[in-house]
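In what follows, a single structure is set out as structure tokens and then discussed.
Read the figures in this text as sums done on the coordinates, not as results from a lab. Computed from a prediction, not measured in an experiment: that's the story for all the values here. With ideal geometry, Cβ positions are generated from the backbone for all residues, glycine too; neighbour counts draw on all protein chains shown.
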Amino acid sequence: RPAVGLGEEFYREAIEHCRSYNARLCAERSMRLPFLDSQTGVAQNNCYIWMEKTHRGPGLAPGQIYTYPARCWRKKQRLSILEDPRLRPCEPSLGRAPLGFGPPSDSGSPSPPPPGRAPVRFGQPQSAPPGVRALTSGPP
């Protein structure tokens with residue numbers, strides 16, 4: 001039976017069936033959020049694509065059966081990074097900067113090594129500590 005000659009009543013009934021199907025689909029999906037959209041492969045959250053019957057208004061233009069109110073998009077409120085105590089930037093102590101992170105000294109000479117460590121001199125061969133065999137030496 002072709003849908004061409006059935007008229008406005010058939011169209012209204014088809015729209016109502018589509019609306020009820022979409023409402024049932026949204027209700028089922030919202031019960032198991034997030035769901036994986038089989039068409040796009042994207043995990044979807046609950047959405048408000050379909051309007052309720054109470055939002056439906058009469059058509060305003062010729063050939064228009066229904067109108068729906070425009071829904072304004074609003075950005076979700078998020079907690080500011082500066083307000084979250086877990087995400088506050090680290091504040092270094094004002095005493096002494098960590099090794100290697102301070103400004104260069106004005107004298108031009110390198111800063112002294114930390115206590116308990118010997119200074120490293122580049123360009124000179126290093127001797128292995130006692131009891132440790134160097135990799136470049138021959139067999140024991």
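Assorted remarks:
- In this structure the amide hydrogen of R56, modeled in the peptide plane, comes within under 5 Å of no amide hydrogen from residues 5 or more places off or on another chain.
- E9 versus Q44: modelled label distance in nm, points set 7 Å from Cα along the beta carbon direction: 3.4 nm
- Lys, Arg +1 and Asp, Glu -1 on Cβ, resulting dipole of region 8-67 about Cα centre, debye, nearest 20: 200 debye
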